[in-house]
Amino acid sequence: MNVHDRPNTPLLDSYWMPFTANRQFKAAPRMLAAADGMYYTSDDGRQVLDGTAGLWCVNAGHGRRGIAAAVERQLSTLDFAPSFQMGHPIAFEFAERLAAIAPGPEGNRLDRVFFTGSGSESVDTALKIAIAYQRAIGQGTRTRVIGRERGYHGVGFGGISVGGLVNNRRVFPLLPGADHLRHTHDLARNAFVKGQPQHGAELADDLERLVALHGAETIAACIVEPVAGSTGVLVPPQGYLQRLRDICTKHGILLIFDEVITGFGRLGAPFATDWFGVVPDIVTTAKGLTNGTIPMGAVFSSRTVHDALMHGPEAQIELFHGYTYSGHPVACAAGIATLDIYADEGLLTRASELSDHFANAMHALKGTENVVDIRTIGLVAGIELASLDGAPGKRAYDVFVDCFEKGLLIRVTGDIIALSPPLIVSEEEISTMADMVGDAIRRVG
Ligand code: PMP
C-alpha cells in the first residue's frame, strides 16, 4: 500500500499502528512530517496548528532547541548506563530537580521519584508501590485496587484493570479484585460549566460503598485522574477530590492521582494536586515530563510511602521492580532541559493566565448545532457533540478529519472533541482554534 500522490511516502504495510483503525487510516493517511512552535507541517507541506500539544505532552511547544542540544550532548557523553545496581549522575540530578517542584505543599511534597518509560508504566509502578507499601506496614491483605468508570490509566494490565473503558478491557484478563467508582459526568446537572461543576461531590461516597462491600482491609489504593482527559475531559465536581481524600485516609487506602495529562502545567499550577489543593499519596506522570520528546514517566511518592519500603536488611532490594530504561540518561537530559524551559518561560503557571480567555473562546461555541456540552479548566477543553444515531463517535471523527484538512489538529474521543494546546499558545491562536472547531462542526453537520 502506498500514497500515490506523495512520492516520498514510505510503504505503509508493516507499521501496525496503535489505537488506530489501521485499514481505514492506510486508505487515507494523515502524516505529520515536521513541527516547530505551535505548528506541525504535514507531509504535503501544510501548516497544522497544534490544538492538542501532540498527545497532551508537548507543553513547551515543538522544536525546542534547548532540549535538542541537551539530548545531543548527553548522547555523546553517556548514551546509556545500566539502571540496576548502577547509577549515573544525571538521573539523580533530574530527580532532585523534580523533587523541588514535586506535587504537594512546600514541606510535604511527594518528593521521592521512581522513573519509568511511559504513563502506562507509571500507573503499573504506582499500583505496585501501593500494594508493596501496604504489605510493608503489615497490611498484606490489601491487594485490591479501585479505579473509576471512564478512567484511562494506560494499557498495562494494572492500568486497564483500574481503567474504565470497556473496549480496552473486554478482551483481556484483569487484575483480580479491581473495582470502580462511578464516573462524575452528569450532563443533566452540570452542562456548559466553566471550571469545576457544582454538583456531584457525593459521588466520592462510592468509595464508602466499595469499602462496605469488600472490606477496607482488602483495598490497597484508589486511583483517579484529577481531571479525566482521554475519556473526554471530565472535571471533578467541587469538593469531590477532597472527599475522596478523606475517605481514603479514614480507611487506610492510598490515594493515587494519575497526572499523566494534568502534570506539568496543564491546569495552571505545576500539578493538579497543587491546583485543587488535595494531596494524594502517589502521583503518576509522563508526557510533559520531557515535553514529549523522549519517552519517560515518573512516579512521585510521599516520604511515608517511600520510607516504609526502605526498611529490612540493608543489602536487600526494597522493591522488586524497575525498567531497563528507568532514569535513562538521555531522557533525563531531555527532562532537565524541559524543566529549564518551563521555569524560564513561566509555563507551569501560564495556563492560569490564559484560562479565562480559553474558557470564553470555547464556551462561545455554545449554541452551535449538535454541541451538547462544553467543559473547560486550565488549558483543556472538552466539546461534546450529539451522537449520530447508530454511529456513535462518527460526528466527532468527521470534525477531526475536517479540522486536519483545514489546518488544525484536535483530538477526539467518542463524541467528544478535546483541545489541550501547548502552554506557549497565544490568545489569538486560542481564538483561531475555537473558530476553526466551530466551522468544522457546522460543516460536518
Ligand atoms: N494515564 C493517563 C491519565 C493518560 O492520559 C495516559 C495516556 N494518555 C496514560 C496514563 C498512559 O500513558 P502512555 O500512553 O504514555 O502509556
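Contact map, segment 106-125: residues that are within 21 Å of Val278 (Cα to Cα) and away from the ligand (no atom under 13 Å from the Cβ) paired with residues that are among the polar types (S, T, N, Q) and part of a strand (DSSP E or B), Cβ distance under 6 Å, separation 6+ or inter-chain. Pairs shown: Leu110/Ser301; Arg112/Ser301.
Give the residue, chosen from Arg97, Arg73, Arg65, that is surrounded by 15 or more Cβ atoms within 10 Å (Cβ to Cβ) and among the basic types (Lys, Arg). Break it down stepwise before answering.
On the way: Arg73 fails: surrounded by 15 or more Cβ atoms within 10 Å (Cβ to Cβ); Arg65 fails: surrounded by 15 or more Cβ atoms within 10 Å (Cβ to Cβ).
It is Arg97.
When the residues of segment 137-180 are filtered to those that are within 16 Å of the ligand (Cβ to nearest atom) and surrounded by fewer than 14 Cβ atoms within 10 Å (Cβ to Cβ), the one that is modelled with the lowest pLDDT is Asn167.
Looking only at residues that are of a type in the set (Ser, Thr, Tyr) and under 29 Å from Gln74 (Cα atoms) in segment 313-366, which one is surrounded by the fewest Cβ atoms within 10 Å (Cβ to Cβ)? Before you say what the answer is, go through the steps one by one.
Taking segment 313-366 first, the residues of a type in the set (Ser, Thr, Tyr) are 323-326, 338, 342, 349, 352, 355.
Restricting the remaining residues to those that are under 29 Å from Gln74 (Cα atoms) gives 323-326, 338, 342, 349.
Working: Tyr323: 17, Thr324: 10, Tyr325: 20, Ser326: 20, Thr338: 28, Tyr342: 22, Thr349: 16.
Selected residue: Thr324.
Take Ser387 and tell me if it is among the hydroxyl-bearing types (Ser, Thr, Tyr), more than 26 Å from His62 (Cα to Cα) and in contact with a helix residue (DSSP H, G or I) (Cβ under 9 Å, 6 or more places away or on another chain). Yes.
Here Leu234, Leu289 are screened, and the one residue that is touching a His at 6+ places or on another chain (Cβ under 6 Å) and within 13 Å of the ligand (Cβ to nearest atom) is Leu234.
Name the helices (runs of 4 or more DSSP H) wholly inside segment 328-445 in which the number of residues that are farther than 22 Å from Thr262 by Cβ and in contact (Cβ under 8 Å) with a residue 24 or more places away in the chain is 3 or more.
Values: elements: 329-344, 347-363, 394-406, 427-444.
In segment 328-445, the matching helices (runs of 4 or more DSSP H) lie at 329-344, 394-406, 427-444.
Quick one: in segment 223-246, which of the residues that are part of a loop (DSSP other than H, G, I, E, B) and of a type in the set (Gly, Ala, Ser) is farthest from the chain's Cα centre (by Cα)? For segment 223-246, the residue satisfying everything is Gly239.
Quick check, is Thr304 out of contact with any helix residue (DSSP H, G or I) (no Cβ under 6 Å at 6 or more places or on another chain), touching a residue at least 24 places away in the same chain (Cβ under 8 Å), away from the ligand (no atom under 15 Å from the Cβ) and among the hydroxyl-bearing types (Ser, Thr, Tyr)? Quick ask: steps written out before the conclusion?
Working: out of contact with any helix residue (DSSP H, G or I) (no Cβ under 6 Å at 6 or more places or on another chain): yes; touching a residue at least 24 places away in the same chain (Cβ under 8 Å): no; away from the ligand (no atom under 15 Å from the Cβ): yes; among the hydroxyl-bearing types (Ser, Thr, Tyr): yes.
No: the conditions fail for Thr304.
Examine segment 256-267 for a residue that is in a loop (DSSP other than H, G, I, E, B), at pLDDT 95 or above and surrounded by fewer than 22 Cβ atoms within 10 Å (Cβ to Cβ), and state whether such a residue exists. Looking through segment 256-267, none of the residues is in a loop (DSSP other than H, G, I, E, B), at pLDDT 95 or above and surrounded by fewer than 22 Cβ atoms within 10 Å (Cβ to Cβ). Here Thr20 fits the description: more than 25 Å from Ala351 (Cα to Cα) and either crowded, with 18+ Cβ neighbours inside 10 Å or within 27 Å of the chain's Cα centre (by Cα) (or both).
As a summary of the residue check, Leu210 satisfies the conditions (1) under 24 Å from the mean Cα position of the chain (by Cα); (2) in a helix (DSSP H, G or I); (3) touching a residue at least 12 places away in the same chain (Cβ under 8 Å) except for the one numbered (1).
The values are calculated or read from the model by the stated rules, or taken from the named source; none is laboratory data. The structure presented is a predicted model; accordingly, all values stated were derived computationally and were not measured. So basically every Cβ, Gly included, is an ideal-geometry build from the backbone, and we count neighbours across all protein chains shown.
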